[in-house]
Amino acid sequence: MVLNLFSDLEDEQHKNRKDKIGQSSIQYIKSASILTEAKGFMQAYDYTLNPYSGCSFGCNYCYAAFFARSSDERENWGNWLKVKENALQLLMKWRKKPLIDKTIYISSVTDPYQPIEKELELTRNILKELLDFHKPRLVIQTRSPYITRDIDLIKQFDVVQVNMTVTTDSEDVRKAFEPLCPSNKSRLKAIKEVTEAGIQTCITMTPLLPIQDAKKFTQELLDTGVKKFIVQPFHPEKGKFVASTREIALQQMKKMNWNNDKYLAVVEIFRKELPWLGEGKQGFAPI
């Protein structure tokens, strides 16, 4: 009798899997592919890579909700997450055709460092695979301080940039629009650490939410040591608000009297004080 040790190990791993984290239910799925030919806003890249589908951060304005497969998933954005459990195996198939100098954006419709990543290390294993068998040009996009865990890997890539999303200087605003996300302070601290490790970095204020003190915020941005910044406006009438937070978010907009004129005034300060400021699609061009 031959024991299938690998099968037993997989069964044990499956038993220990979490089916919920925070407010998000978790599914483990087999994906058909892991690299997607970049289109639309990301068309300047060769590929986008999303280890997960959905996002437990569930920002109430997130454009990615529009890419959900069903109306139920769109309406419940932030309450579900799908783990592409075969993502690493799919990427391994590309060893026969190495991704040399290909531009890859990680990730376009999810966050590669959302809470479940701490346990699964799916993104970390993907980075290891890209580092060991390919030579891509990477842009890693997140709003999670947990990216500092992978500094040891990221700094080994020849061409790489880490983008940290920080949309406001106000915790009240963050809690209204991004109630399940890490604090602004923790994100700024994390991107400072990544920058100090010698990795190219960028702070993406996309979208720019209501700002409490533009000059003070500008100094906080500069204190991170980051030299590159991207900004774009927020259009509340186009936002994909989660039902439970829509009113809170809109009340915060009204409270801070946030409008296009206020946005332009803040951007003008950024232009004068920040080393490099890109706007919209142009700012997200591959490195």
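Observations
- For the chain, a Gaussian network of Cα nodes joined below 10 Å ranks PRO179, PRO98, PRO145 by mean-square fluctuation, and the top entry is PRO98.
- Considering only alpha-carbon pairs that sit under 8 angstrom and 6 or more positions apart, the relative contact order computed for the chain is 17 percent.
- Cross-link partners of LYS215 among aspartates and glutamates (Cα-Cα below 13 Å; sequence separation of 8 or more within a chain): ASP169, ASP223, GLU268, GLU273
- From largest to smallest, the equivalent ellipsoid semi-axes obtained for the range 21-136 from the alpha-carbon gyration tensor read 25, 16, 11 Å.
- Set LYS20/LYS118; LYS102/LYS228; LYS30/LYS281; LYS97/LYS135 screened for pairs whose C-alpha atoms are more than 20 Å apart: LYS102/LYS228; LYS30/LYS281
- For TRP94, the solvent-accessible surface with a 1.4 Å probe is about 70 Å², rounded to the nearest 10.
- The range 129-180: relative contact order as a whole-number percent, Cα under 8 Å and 6+ apart: 39
- DSSP bridge pairs, the chain: antiparallel proportion in percent, nearest 5: 25
- At q = 0.07, 0.12 Å⁻¹, base-10 log of I(q)/I(0) for the chain (Debye sum, equal scatterers on each alpha carbon): -0.26, -0.77
The values are calculated or read from the model by the stated rules, or taken from the named source; none is laboratory data. Every value quoted in this text rests on a predicted model; they were computed, and no experiment measured them. Accessible surface is based on the protein model in full, side chains and every heavy atom, while ligands, DNA and RNA are left aside. Shrake-Rupley method; radii C 1.70, N 1.55, O 1.52, S 1.80 Å.
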